[in-house]
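Every number in this text was worked out from the coordinates using simple rules, so none of it is lab data. What you see is a predicted model, and the numbers here were worked out from it, not measured in a lab. Virtual Cβ from ideal backbone geometry, glycine too; neighbours counted across all protein chains shown.
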Amino acid sequence: MNATASDWPVPADASEMTLSSLPLRPSANSSLVSVLTLVIWSGCVVVGIAGMALPYLRPQPPVKAAPPVNAELLSVDLTSDPLPPLNPTPPPPSLAQPPPAVPPPVMPPAQTMIAVAAPSPQIAFAVPIQAPVQIVTAKEASYRTVETPTVAVPPAPVAMPHPLTFGQGEGKQPAPEYPRQSLREGQEGTVTVRMTVGEDGRVLAAEASSPSPWPLLNTAALRVVKSRWRFSPGAVRLYEVAIRFQLNK
């Protein structure tokens, strides 16, 4: 037979009992916490008093060291000679020697003035003149032009290209690719290419100095020269080579 909560006797005033009516007992843990708190605070007070009372090394600002003094020993000899005057008077000029003669200035020759007329309705336009002018009437004006000498500049010498034989001689000269359209249409011809080779042996520029009548052949020749032809390093050079496109019949 099992007993349940309803089998226990219930006092008559059980419904009026609350937690506040139960007696409270202080526990041992609360007393221990109070003692530890008191000890910690007491230690903090003792440390604070000791820090204020005991001397200790406090940080001080750095002291700048005085610069060194360089002393030099001077040897002074005392003498009885009189001191020189503070403002010595210059000696009087000698009357025996006359001042050097100044040559008279050389005046440049006067330039001939050109007579020009002031702007007026009779003059359509004025010609600029870089010379001294004199304003006169239109009838007295000079209608000649001032000719300035021209200096002939000799033309720069044209460098002659060094001829090459295609596939022989200097550098690497791979053959160009025959265009397919030129093969189908039976196009043949010779393209003369003039090229400039730089110091590193690469082709800097190339042009068809004597092109063939077929643009496709000219383009194929220039393309292979610019992209694939190489020479030994050296000075800048100028070459000319003839590339022939010929079909095998």
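Enumerate the calculated ³J(HN,Hα) couplings along segment 179-189 in order (Karplus 6.51 cos²θ - 1.76 cosθ + 1.60, θ = phi - 60°), each rounded to whole Hz, writing x wherever the residue is Gly or Pro.
x, 5, 5, 5, 5, 5, 8, x, 7, 9, x
Using the count of nearby Cβ atoms within 10 Å as a rough guide to exposure, how do 238, 216, 54 rank from fewest to most?
54, 238, 216
So between residue 235 and residue 202, what do we pick up on full extension, going 0.36 nm a residue minus the alpha carbon distance?
10.7 nm
Give the shape of segment 162-245 as rounded, prolate or oblate, defined through the alpha-carbon gyration tensor: a ≥ b ≥ c are the square roots of its eigenvalues, a/c under 1.5 means rounded, and otherwise the shape is prolate if a/b is larger than b/c and oblate if not.
In terms of gyration-tensor shape, prolate.
Please give the length that would be gained between residue 210 and residue 49 if that part of the chain were fully extended, namely 0.36 nm times their separation in residues minus their C-alpha to C-alpha distance (nm, one decimal).
Taking 0.36 nm per residue and subtracting the Cα distance, the gain is 47.0 nm.
Mind sorting 40, 243 by how few other Cβ atoms lie within 10 Å of their own Cβ, fewest first?
40, 243
Any chance you could run the full-extension gain for residue 162 through residue 101? It's 0.36 nm times the residue separation minus the Cα-Cα distance, nm to one decimal.
Length gained, residue 162 through residue 101: 15.0 nm.
Would you mind telling me the antiparallel percentage of the DSSP bridges in segment 162-245, rounded to 5?
In segment 162-245, approximately 85 percent of DSSP beta bridges are antiparallel ones.
Going by how many other beta carbons lie within 10 Å of each one, how would you line up 231, 166, fewest first?
166, 231
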